[in-house]
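Comments concern the structure below.
FYI, it's all coordinate maths here, none of it is from the lab. Note that the structure is predicted; figures quoted are calculated from it, not measured. For neighbour counting, all protein chains shown are included, and Cβ atoms are generated from backbone atoms with ideal geometry for every residue, glycine included.
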Amino acid sequence: QAQLVESGGGLVQAGGSLRLSCAADGRTFSTYAMGWFRRAPGKEREFVAAISRSGGITYYADSVKGRFTISRDNAKNTVYLQMGSLKPEDTAVYYCAARDGGTRRVANEYDYWGQGTQVTVSS
């Protein structure tokens, strides 16, 4: 079972950047596809980005494509979300998630979740 811990959230002005990290314990990180999701106040949780076990395949939501980059370092058991050109509508709690198997964009196909990290973008 994977334990996931996100970090790197905070308050940033519109147009700024942040890098989120998600560290996983255990020796099986490289067997998990990883995803980032977010939940804004009053909204449903939504897909942001996902990456395959090797890092060779990535998916992005249309709303973040070209601004966010997901990456992973299997030697460090960590997945990252580099966020740029941030907008107030990116304000949300960001969660990382892990699943055994292939890369997916649907939250309920993920097996393990972190506790979330708050990202607030001021206008």
key: Unmet requirement for residue 60, which otherwise passes all of (1) surrounded by 15 or more Cβ atoms within 10 Å (Cβ to Cβ); (2) touching a helix residue (DSSP H, G or I) at 6+ places or on another chain (Cβ under 8 Å)   = (2)
key: Options 38, 19, 45: the member that is of a type in the set (Lys, Arg), within 15 Å of residue 117 (Cβ to Cβ) and crowded, with 20+ Cβ neighbours inside 10 Å   = 38
Matching residues in the range 68-119 - criterion: being farther than 15 Å from residue 32 by Cβ and either touching a His at 6+ places or on another chain (Cβ under 6 Å) or in a strand (DSSP E or B) (or both) = 68, 69, 81, 82, 83, 92, 93, 94, 117, 118, 119
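Can you tell me which residue among 43, 65 is within 20 Å of residue 10 (Cα to Cα) and outside any strand (DSSP E or B)?
The match here is 43.
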